[in-house]
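Visitor: Before I ask anything, let me first share the structure, which is written out below as C-alpha cells.
Just so it is clear, none of the values below were taken in a lab; they were calculated from the coordinates. Here the structure is a predicted model, which is why all the values come from computation and not from measurement. Glycine also receives a Cβ, built like all others from the backbone with ideal geometry; neighbour counts cover every protein chain displayed.
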Amino acid sequence: MIRAILAAACLATPACADEAIDRAVEQVILPAVADFADRTEALAEAAEADCTPLSPVLRAAWEGAMEGWLMVQDFRFGPLEATGLREAIAYWPDTRGFRPRALNRALTTATGPQSEQDMAGAPISLRGLYAIEAMLFDPRFNTYGAGEPGCDLVRLMAADLAGNAALLEEEWEDFAPLLQGAEAGNATYFNAAEARQALFTGLVVSMQFDMLERLGLPLGTGGEPRPELAESRVSGRTLQNIIDATRGHEALALALTDDPATRAELAADFDDLRERLRAIDDPVLANVSEPAGRFMVDVAATAYTAVWTKVNRLLSEELGVTMGVVGFDGD
Amino acid sequence: MPSRRLFLATLAASASGASLGWAAAGAPRFLAAARLEDGTFDLVGLRGTGEAVFRVPLPARGHAGAGHPVRPEAVVFGRRPGTFALVVDCALGAVMHELAPPEGSVFNGHGSYLDGGRLLITAEQRTADSEGRLGIWDAAHGYARLGEVPTHGLGPHEARVMPDGVTIAVANGGVSTEDGREMLNIATMEPNLAYLTLTGGLEEIVELPELRQNSIRHLAFAAGGVTAFAMQWVGAEDEAPPLLGLHRRGEAPVLCAAPGAEQLGLHNYTGTVSTSGDGREVGITSTPGGVLHRFALDGSFLGAVARGRLMGLAPLPGGFLTTDEQGGLMAVEGGVARPLAKHPEFWDNHLITL
C-alpha cells in the first residue's frame with residue numbers, strides 16, 4: 001500500500017524519476033544495445049577477413065551476434081518498433097518460405113543487392129541475422145567459395161546488420177531520455193506509467209514469442225508437429241536460442257523490480273526454466289515428431305507458461321500496469 | 001432489447017437539438033469511437049484541445065463514422081463485416097436509428113453525408129461476391145433506404161464526398177472476403193480508387209498495376225485537388241512498398257514512402273490518412289508500428305512521430321490531432337508532438353472531423 005501511494009505521488013510530479021525505468025534503461029537496455037552493436041561489428045569484420053561459410057571464425061562471430069540479439073529483442077518499443085529495425089535485423093518466422101526464394105533469386109540472377117544501398121532496399125528476408133545464418137549453415141546456400149557471389153552477399157549482409165545495430169544504438173541514445181523522462185511535454189510517453197507499461201509489455205510479449213513461435217511452431221497445432229519450422233535449425237541453435245532468450249527476459253524482469261524477494265524468486269524460476277529447457281536435450285527439437293520427444297518439449301512449454309504467468313502477475317502488481325491492448329485487429 | 005427499441009421509437013419522434021446544431025452537444029470538432037476498460041463502448045465528442053464534451057454509450061464496437069453537417073447527429077459503423085450502423089443523437093446522448101444493410105450485403109465500416117446532410121452514403125459489399133455498392137439513405141426523412149449504386153470494385157472500404165460536394169471517391173480495397181474477414185483472392189486482387197457520382201456513374205478509375213496487392217483503404221482530400229489514399233500491403237510480407245498515394249484527377253498517382261528502414265516501421269499497415277490543418281501535409285498512421293509518417297504534397301517524406309498504438313488522425317490548425325489505444329490525444333505541429341489529454345478510452349481506428 002505504501003508503495004502504491006508513493007507511485008501515485010511520483011506520477012503527480014513530472015520531474016520525479018522512476019527507478020524501475022532507470023534501472024532497465026541504464027543497467028540492461030543501453031549496455032545490451034551497445035554490446036549488440038559491438039558483436040555485429042565483429043561479425044562484419046570477420047566476413048571481410050574470410051567470408052567462406054565454413055570459416056570457424058565467421059560462424060562464431062555470427063553466433064555471437066545472435067546471442068547479442070537475444071539480449072536486445074525484448075525492447076520491442078521505440079527504435080526497434082517505429083523504425084522497423086526489428087524486421088531488418090531479425091525477420092523470423094518465415095513460415096511461407098520467402099527467405100529461400102529471395103536467396104535463390106539473389107544468388108542466381110543479377111538482381112541481388114550489389115551495394116550497401118541496394119541492401120537497405122532489399123526484402124527483409126535477405127537481411128539480418130537469419131539471412132546470414134542461411135548463407136553460413138543452410139546446405140542449399142553454403143556451398144560458395146571465396147570470390148563467388150555468395151561471398152559478396154554475406155559481406156553485404158553483415159555490413160548491413162552492423163549498420164542497423166549501430167543505428168539502433170544511436171537511436172536509443174535519443175530515445176532513452178524520452179523513456180526515462182516521461183513528464184509534461186513528452187508526447188511519446190505522457191507519464192511514467194506509460195513508459196513502465198511499454199517495458200512490461202515488451203517483456204511479456206517477448207516471452208509469449210518464445211512460447212508461441214520458438215516452441216509453438218515446431219510443436220505444431222492439432223497434433224501435427226512441424227519440426228521443419230524450428231528457428232535456427234540449420235545452425236543447430238533452436239534450443240540454445242530459447243535458453244539465451246530467457247537470459248534477456250530475466251535481465252529485464254529483475255531490473256523492473258527492486259523487491260529483493262521478488263528478484264530472488266524470479267531468478268530462481270528462470271534458472272529452473274533453463275534447466276527444464278536443457279533437459280529437452282534435442283538441439284533442434286527434431287524429436288517433436290516422436291511421442292517421447294514431444295513430451296519433453298510439452299513439459300518445458302508448460303514450465304515456461306508458469307514462469308510467464310508469474311512474471312506477468314508479480315511485475316504487473318509491482319509496476320501498477322497491465323499488458324494493455326495486444327492482438328491488434330485493424331481495418 | 002425490446003425496451004431499447006421502444007426507447008429508440010420515442011427518441012425518433014423528438015428530434016432533439018435540431019435548431020441548436022452541434023452546439024447542443026457541446027460544440028465538439030471531432031468524434032471518435034472507443035472501447036472502455038470494462039469492455040463497453042462509447043462515442044466521444046472532442047475539442048481540438050483534447051477535451052471531451054460528450055460521451056454516448058454504444059451497444060457495440062464502433063469503427064468509423066460520419067458527423068451530420070448540421071444536426072448534432074452522427075452515424076457510427078461497426079467493423080467489417082458490419083451488420084449495423086447506428087445513428088446517434090449526440091445532444092440527447094442516445095441511439096436514434098439502427099440501420100441494417102440490405103439482405104445479402106454488409107457495411108464495410110465507412111460512410112459519408114452529402115447534399116447538405118440530406119443524404120447518407122454507406123460503403124457496402126455483397127456477401128456473395130464482394131462486389132462494392134454505395135448504399136444511399138434519406139437522412140432527411142428517418143434514414144429510409146433510397147437505393148444503391150456500384151462502386152466499380154471489390155471490397156470498398158472508405159467512401160467520401162469530395163470538396164466539390166458531388167463527386168464521391170471510393171477506396172475499393174480489392175479484397176474478396178465474402179461474409180467474413182479472411183482474404184480469399186490475394187493472388188488476383190485488383191484494388192482501385194474510383195471517382196463516381198450518384199447520378200452519372202463512373203468518372204475515373206485509378207489502379208496500381210505494379211502493386212496489385214496494395215489494398216486501397218482510406219481517403220483524405222488535400223489542397224489543389226489532391227486525393228490522398230492510404231493502403232495496406234497484403235502481398236509478400238518481406239517487402240515494404242509505398243503505402244500512400246497522392247492523386248490529381250487525370251494524372252498518374254504519386255506513390256510515397258519513407259526512406260530506408262523507416263518504411264518498415266509501418267509494418268505494411270496504415271490505419272488512417274489525413275491532411276494537416278493547413279492543407280500542406282498528408283499524414284498516415286500505423287498502429288502496429290506506433291508511428292505517424294508525414295509527407296509534403298509533392299510526395300516527399302517530412303518525418304515520423306512515434307507514439308505507441310497510434311490510431312486516429314485528423315487536421316488541426318497547423319498540423320494534426322492524433323488518438324491512440326493508450327487513451328491519448330496529441331497535437332503534431334510542424335512535426336513536433338505535444339500531449340493534449342489522456343482519457344479512459346482505448347480509441348478505435350478513426351477520428352472523425354465535424
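Visitor: Just check chain A against the gyration tensor rule for me: Cα atoms, a ≥ b ≥ c as the square roots of the eigenvalues, rounded for a/c under 1.5, and otherwise prolate or oblate depending on whether a/b exceeds b/c.
Guide: Since a/c reaches 1.5 but b/c is at least a/b, the shape of chain A is classed as oblate.
Visitor: Next question, about the same structure. Can you work out ³J(HN,Hα) from phi for every residue in the range B:324-329, in order, using Karplus 6.51 cos²θ - 1.76 cosθ + 1.60 and θ = phi - 60°, giving whole Hz and x for Gly and Pro?
Guide: Calculated HN-Hα couplings, in order: 8, 6, 9, x, x, 10 Hz.
Visitor: Net charge near B:ASP238, counting Lys/Arg +1 and Asp/Glu -1 over other residues with Cβ under 12 Å of its Cβ?
Guide: Neighbourhood net charge equals +1.
Visitor: What is the sum of charges, Lys and Arg at +1 and Asp and Glu at -1, for the other residues whose Cβ falls under 15 Å from the Cβ of A:ARG233?
Guide: -3
Visitor: Counting partner chain Cβ atoms within 10 Å of every residue's Cβ in A:75-84, what's the average?
Guide: Mean inter-chain Cβ contacts per residue within 10 Å come to 6.
Visitor: For a test of the definition: using alpha carbon positions, the gyration tensor, and the 1.5 limit on a/c, classify chain B as rounded, prolate or oblate.
Guide: oblate
Visitor: Relative to the longest principal axis of the C-alpha atoms of chain A, give the angle of the C-alpha long axis of helix A:30-49, reported between 0 and 90° and rounded to the nearest 10°.
Guide: Compared with the principal axis, the helix lies near 10 degrees.
Visitor: Cα gyration tensor of the range B:208-354, axes a ≥ b ≥ c as square roots of the eigenvalues: rounded (a/c below 1.5), prolate (a/b > b/c) or oblate?
Guide: oblate
Visitor: With θ set to phi - 60°, apply the Karplus curve 6.51 cos²θ - 1.76 cosθ + 1.60 along the range B:179-189 and write out the HN-Hα couplings as whole Hz, x wherever there is a Gly or Pro.
Guide: 9, x, 10, 5, 7, 9, 9, 4, 5, 10, 5
Visitor: Sort the following peptides by mean Cβ neighbour count (other Cβ atoms within 10 Å, averaged over residues), highest first: A:137-143, B:124-130. Write out the running numbers ahead of the final one.
Guide: Working: A:137-143: 15.4, B:124-130: 19.0.
Put in order of decreasing packing, that is B:124-130, A:137-143.
Visitor: Using the charge dipole of the range A:18-185 (Lys, Arg: +1 at Cβ; Asp, Glu: -1 at Cβ; taken about the Cα centre), state which of A:LEU107, A:GLY163, A:ALA184 has its Cα farthest towards the positive end.
Guide: A:LEU107
Visitor: Once phi is turned into θ = phi - 60°, what whole-Hz ³J(HN,Hα) does the Karplus curve with 6.51, -1.76 and 1.60 give for every residue of the range A:51-64, x standing for Gly and Pro?
Guide: Going residue by residue, I get 9, 6, x, 8, 4, x, 5, 5, 4, 5, 5, 4, 4, x Hz, with x marking Gly and Pro.
Visitor: Under a Cβ-Cβ cut-off of 15 Å, what is the net charge of the residues other than B:TYR195 that fall near it, where Lys and Arg count +1 and Asp and Glu count -1?
Guide: -3
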